[in-house]
1. What is the diffusion coefficient of chain B in µm²/s, taking the Kirkwood radius over Cα pairs and the Stokes-Einstein relation at 37 °C with a viscosity of 0.692 mPa s?
2. B:Ala206 to B:Ala79: FRET efficiency via 1/(1 + (r/R0)^6), r the Cβ-Cβ distance, R0 41 Å, to the nearest 0.05?
3. Over 24 Å, how big is the tail of the calculated P(r) for region A:7-146, in percent of all Cα pairs?
4. Compute the Rg to Rh ratio over region B:116-199 from the alpha carbon atoms, using the Kirkwood formula for Rh, and round to two decimal places.
5. So if we plug the beta-carbon distance of B:Ser59 and B:Ile219 into 1/(1 + (r/R0)^6) with R0 = 41 Å, what FRET efficiency do we get, rounded to 0.05?
6. Per residue and in Å³, how big is the convex hull formed by the alpha-carbon atoms of region B:448-505?
7. At what distance in angstrom do the alpha carbon centres of region A:1-75 and region B:125-139 lie from each other?
8. Could you tell me which of rounded, prolate or oblate describes region B:366-468, using a ≥ b ≥ c as the square roots of the eigenvalues of the alpha-carbon gyration tensor, with rounded for a/c under 1.5 and, failing that, prolate when a/b is larger than b/c and oblate otherwise?
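We did not get these values from a lab; they are worked out from the coordinates using the rules stated. The model shown is predicted, which means the values in this text are computed figures rather than measured ones. Heads up, the Cβs are rebuilt from the backbone with ideal geometry, glycines too, and the neighbour counts pull from every protein chain shown.
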Amino acid sequence: MSAPNDRLELFVALSAALTGVKAFRLRGTGQAEAYLAAVEAIVPWPIIDDLFSQFAALPAGDALEPALESGILADPRLGAVARNLILLWYRGAWSQLPPAWRASFGSSAGDTNHVISSAAYQAGLQWEIAGAHPVGARQQGYGSWALLPAGEDTP
Amino acid sequence: MSEAAEFDVVIVGAGVAGALAAGQFAKSGLKVLVLEAGPDTTRDLASYNAHLETFYTASSKGAETPWPPAEGAPQPDGADLFKQEGYFVQRGPHLYGSTYTRTFGGSTLHWLGVSLRMLPEDFELRARHGVGRDWPIGYAALAPWYDRAEHAIGVSADVEEQRYHGLTFTAGYDYPMRRIPPSYSDRVLGAAVNSLEVDLGEERVAVRVRSYPAARNSIPRGDYQPIGALDIGSDGQERSTYIGERCEGNTACTPICPVQAKYNANKTFARADRRHLTLRSQAVASQILFDGVTGAVSGISYKRYDDPRSTSFNEEVATGRVYILAAHAVENAKLLLASGPQSGEGQVGRGLMDHPALYAWGLAPFNVGAFRGPQSSSGIEDFRAGGFRARHAAFRFDIGNDGWRAATGAPDATVIDAVTNQKLFGRQLRTQLADQLSRQVRMSLAVEQLPDPDNRVTIDPAYRDKFGNPRPVIDYRIADYTFEGMAAARKVAARIFRQAGIKDCSRSTAELRFPTAIYDGEEVHYHGMGHFAGTHAMGSDRSNSVVDEFQRSWDHPNLFLLGSGSFATMGTSNPTLTLAALALRTADHIIAKLHDGG
């Protein structure tokens, strides 16, 4: 892949590979900067740097996902952080890293279960992926729920 | 009664019962004071929306999440159930799983909005089925008040769909708004199961997915005007919002309707005649004062605070000719018990009920459009009546539109399971989540509970809140009658899932989020429905009840206790509509008496 040198671009490219959702849709949530800032505030920088550089070295195309699994997700130090990035994008919330990871690689004060922001909650990928809307926001309008679900075009 | 009374009527509690009664009094020209324990932060739009922000940013989203209590007016919270450090002191053997809200508007701020009438046979459970007890009034006496309550709170339904189990309606009557459109998933489930017949003991019951009456705004009939979001300024004037005159499908009735298309008690206050109505928030009633000779109430002592985050207060006394406790089934009982031993021959607080409920959840064979619409829009009402009630509890199903959210915490829980346990990522993760989330189906199986004198609210000087008021001590046990109803409900739910081709996932996950009981050697995971009832039941005479059919205390002639605490039994309907009808009936009774000079 062409090497994205900008840190945010690299973060979004990594996130796209991890979430299975294309980079332009991730950018469209408006949350990329906030999520990168959250990760940088919680996870030690050397770990983030290693995560990014490992990812930048992975092959592109169909080989990317297998390489991501063996090179990053299976890694005891990077894997838990990568999985947390997936949860972050789908939920708009940070999940505390697993106890074993915290014991081995350190814990920071910010590593608690928390919603990044009200906008992040609403931008969680889980709602759109479900063909729905965030609970309590972006309502679809009176009676919309009686219609065929999105993507189900035939009666 | 007191010569120098400041008000005609003093009401404790700015929830639905207090609001409806206050509105009637003000309309008839009586001077009313309403004391509300919680802060007044729900009637102007900016403050209401701040509660919505609290919900969005909360990491755990329970029924009370948007409505944090003041220091001096604590409330139960689902998160406290397993910590034994909440507001309730739970003595078991089973946990009482329900919560309520102490703020302006009360628990209508987070209720689901289901507005079913009780069935005629629910009022005569002892006479018809030999269990429970009978009410001193029947369905026919209450029916006109149901009509009025449905218009007062704004209920959407089509009357022709609601005639079942002996429910009758006034000739020509219909609900003020058309039914909420059933969801796509309601329709596909109905298409699959509406031909199904299920055997329950010796009875054969035909299943039907039916739209239930809901206090959520829909298309009005006649000249009815739906009331949407409130925005009441500090000058008391209401500003137009043009929001919430229809349900917009936020899938968040509980814990907070973002557009206020769902009824909350503040709407009733907003329509009341303000010339005769005084609303006093941050005023925690702490003691009822009695005349030692007549037993009549001479005043209500309350603790007024300026800062909801502070534990300091001033004590004041409110006086009236008539006093009404409309503070909630638990709070009414607590306040009476805290005021001395002179009430109710030991019956106050006894007979506490709920609808202990199970969840059934599964995966539909195709996309049903989960997580859209109001939280639910249909139910299965066919098991609310029948000869089986002599042996076990009746039950009703609520069919969710919100995937497995209530049962497992989906979609978050589904995502976490896929990522953390199944180790999915990338395109496979996205594909599986899209497939599974849209197919999630959930039903709540709410089961009747009979009044048991040992299920009760008491107080104990050892347990006090930060204002020194007593905390409710709860004794609660689910009886075999209800457990057997649960077992029958579970079988029916499984049969319905099978008929609809829904893969039953009910036992596989997340059960530890709920209270556990053991019945017949098996663990039962149940949850509360928020349907507190029975703590000051009505009856035909003082030997079997705390209040009469007008909710008047047998012991204190100018004291009325409003709310589901007055229910003799509770059937299977959600209690709000019935307690609203009773509140209107009581208000008219009091108005007639006061205008009589009584």
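1. Rounded to a whole number, D works out at 135 µm²/s.
2. The formula returns an efficiency of 0.50 here.
3. Above the 24 Å cut-off, region A:7-146 has 32 percent of its Cα pairs.
4. 1.04
5. Plugging the Cβ-Cβ distance into 1/(1 + (r/R0)^6) gives 0.60.
6. That works out to 139 Å³ per residue.
7. Their Cα centres are 66 Å away from one another.
8. oblate
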